[in-house]
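Everything on this sheet refers to the single structure shown next.
The values are calculated or read from the model by the stated rules, or taken from the named source; none is laboratory data. All figures in this text were calculated on a predicted structure; none of them were measured in a lab. Cβ: placed from backbone, ideal geometry, glycine included. Neighbour counts: every protein chain shown. The area values use the complete protein model at the heavy-atom level, side chains included, leaving out ligands, DNA and RNA. Shrake-Rupley method; radii C 1.70, N 1.55, O 1.52, S 1.80 Å.
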Amino acid sequence: MERFELLWTMIIPKYERLTADQIKQQQEMENERDMFWSALEDVTCSVLGVPSQLLYSPTRKREIVTARQIIFFLVRPCYLLSLKNVGDRYKKDHATILHGINQASAQVEWDKQYRYNVERICYLLSEIGYAKPMIFFSKFVEHIEYKKELALKKKSKIK
């Protein structure tokens, strides 16, 4: 084992090696992300009334797909995950994840009930102790409202 460690230190430049504290910090971050992910799944499924074990099934039922899309929409910006990382958890490809995020974004913009459900999920997560989704969602909604104001100003200038 010592020989392997010696070879490892010879191959990897010093600036690329992680210290014990950095490794511990990275593991804590991964644990926090996993705990957040499972909490997000549980809260989303309880708000939407969907059994959580169906999230991992290949079903295309509207309620299950909606729950997955909301999860994709919230988990990716909160932890800056790649589309592939999100897709690996649900056995979906990156295009499906991107499509889900785009669908959820559009639904939040146009469907009041959908927006209320996502806001409720974010609120419940913040009550548990995860503030990132609520911060992201509030900024997202502010951006939507700002875009609508700009569109109205452009229309009024044209007429």
Legend entry - Accessible-area composition of the stretch 23-119, carbon plus sulfur, in percent [1.4 Å probe]: 51
Inset, instruction - Grab the beta carbon distance between Gln27 and Gln53, set R0 = 25 Å, and tell me the FRET efficiency rounded to 0.05. - result: 0.40
Inset, instruction - As a check on your grasp of the helix formula, calculate [θ] at 222 nm for the chain: sum -39500 (n - 2.57) over DSSP H runs of n ≥ 4, divide by the residue count, round to the nearest 500. - result: -27000 deg cm²/dmol
Legend entry - Heavy-atom accessible area order for Arg60, Arg33, Arg76, largest first, 1.4 Å probe: Arg60, Arg76, Arg33
Inset, instruction - Enter the accessible area of Thr59 (Å², nearest 10), with the probe set to 1.4 Å and all protein chains included. - result: 40
Legend entry - Estimated FRET transfer efficiency (Arg62, Ile144; beta-carbon r; R0 30 Å; 0.05): 0.85
Legend entry - Efficiency of FRET from Cβ geometry, Ser126 and Ala151, R₀ 30 Å, rounded to 0.05: 0.50
Legend entry - Probe 1.4 Å, protein heavy atoms only - accessible area per residue of the chain in square angstrom: 70
Legend entry - Unsatisfied cross-links (Cα-Cα over 27 Å) in the set Lys84/Lys154; Lys112/Lys154; Lys61/Lys112; Lys112/Lys153: Lys84/Lys154
Inset, instruction - State the three equivalent ellipsoid semi-axes of the chain, derived from the C-alpha gyration tensor as the square roots of 5 times its eigenvalues, in descending order and whole Å. - result: 37, 21, 16
Inset, instruction - Over the chain, calculate the relative contact order: mean separation of alpha carbon pairs under 8 Å at least 6 apart, over the residue count, as a percent. - result: 18
